[in-house]
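Only one structure is covered here, and it is reproduced in the block below.
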Amino acid sequence: MDLTLPPLPLPLPDPDLPIVQGKPPRRIRVVVSYDGTEYHGWQVQPGLPTIQGVLEEIVSGIEGAPVHVAGSGRTDAGVHALAQVAAFTLTNPIPVYNLRFAINRLLPAAIRIQSVEDVHEDFHPRFDSVAKTYRYSIHRTEILPPFDARYVYHFPYPTNEAWMKAAAERFVGEHDFRRFAAKDPRYTRGESTIRTIFSSDLIREGDRLIYTVRGSGFLKHMVRNLAGTLLECGRGNLPHNMMPPKSGRTAPARGLTLVSVEY
């Protein structure tokens, strides 16, 4: 990838955002949206395209030195984001307006920086967050429109949607969600698997079921496992009037979108 930046075209920089030479390192927060279909998740993986890897390559080129881009969480391969939050440290004094323009000009079409701002030097997008919201989309008709195929899980089979909605409400509160998480060495080493779910709702929107869950944090594959559990509850394979004793199958990544991160 050619990271050489030619002179920026119009619009011109905001005159109220001057470049200050000799400025100390800056902590930058960005909000990123992406179509995760062609990427192997957020986290850098050798030899594989990832969201973090693409951002680090571009930002490092602008800085002229290696830059680590930290994210609010590690979305899985194929998962999308409307507003992932990331942060990095620069010494380059480029104004935030021009920085957003420069990064977006170099990014592939599937990734876009929605906003850029200077924040305090200790800001961390993961450890400072207080809540995240995810949305899982399930298409219910017999035929899936081809232009929706990248963003929904096609599940045309009979289910009781009232049972699914009742089951979703059971997730609210503080629980140990270990049985709804993928295997991960972190959990066997004693990292807490207790999370608080603030809201958990299933609604029908046209031909889709939309599951939206907001919580203090989520374990690996947790939201996809919650969505898969709801489908099993709707089919009568798991109880809907109590906290399910086990997880259903992990729902495919393509139906999941990170909607927002709160601070």
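The values are calculated or read from the model by the stated rules, or taken from the named source; none is laboratory data. Computed from a predicted structure; not experimentally measured. With ideal geometry, Cβ positions are generated from the backbone for all residues, glycine too; neighbour counts draw on all protein chains shown.
So here's what we get for this one:
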| quantity | calculated |
| --- | --- |
| Close pairs (6 angstrom Cβ cut-off, 6 or more residues apart or separate chains): closer than 30 Å to Ile143 by Cα in the range 185-213, aromatic (Phe, Trp, Tyr) anywhere | Ser200/Phe171; Leu202/Tyr211; Tyr211/Tyr136; Val213/Tyr134 |
| Given (1) surrounded by fewer than 18 Cβ atoms within 10 Å (Cβ to Cβ); (2) of a type in the set (Val, Ile, Thr); (3) more than 29 Å from Tyr136 (Cα to Cα), index of the condition Val59 fails | (1) |
| Residues (part of a strand (DSSP E or B) and either surrounded by fewer than 20 Cβ atoms within 10 Å (Cβ to Cβ) or hydrophobic (A, V, I, L, M, F, W, C) (or both)) located in the range 33-52 | Ser33, Gln45, Leu48 |
| Strands (runs of 3 or more DSSP E) wholly inside the range 173-263 containing at least 1 residues that are closer than 18 Å to Arg135 by Cβ | 194-205, 208-215, 256-262 |
| Exclusive hit being buried (at least 19 other Cβ atoms within 10 Å of the Cβ) and under 19 Å from Ser260 (Cβ atoms), set Ala131, Ala181, Ala81 | Ala81 |
| Residue among Leu90, Leu55, Leu82 that is within 27 Å of His221 (Cα to Cα) and touching a helix residue (DSSP H, G or I) at 6+ places or on another chain (Cβ under 9 Å) | Leu55 |
| Residue in the range 85-117 that is farthest from Glu63 (Cα to Cα), counting only those that are assigned to a helix (DSSP H, G or I) and among the β-branched types (Val, Ile, Thr) | Val96 |
| Subset of the range 68-96 [closer than 18 Å to Glu117 by Cβ and either modelled with pLDDT under 95 or of a type in the set (Ser, Thr, Tyr) (or both)] | Ser72, Thr89, Thr91 |
| Residue pairs meeting the criteria (Cβ under 8 Å; at least 6 apart or on separate chains; first within 14 Å of Thr212 (Cβ to Cβ) and among the β-branched types (Val, Ile, Thr), in the range 249-261; second surrounded by fewer than 21 Cβ atoms within 10 Å (Cβ to Cβ) and at pLDDT below 95) | none |
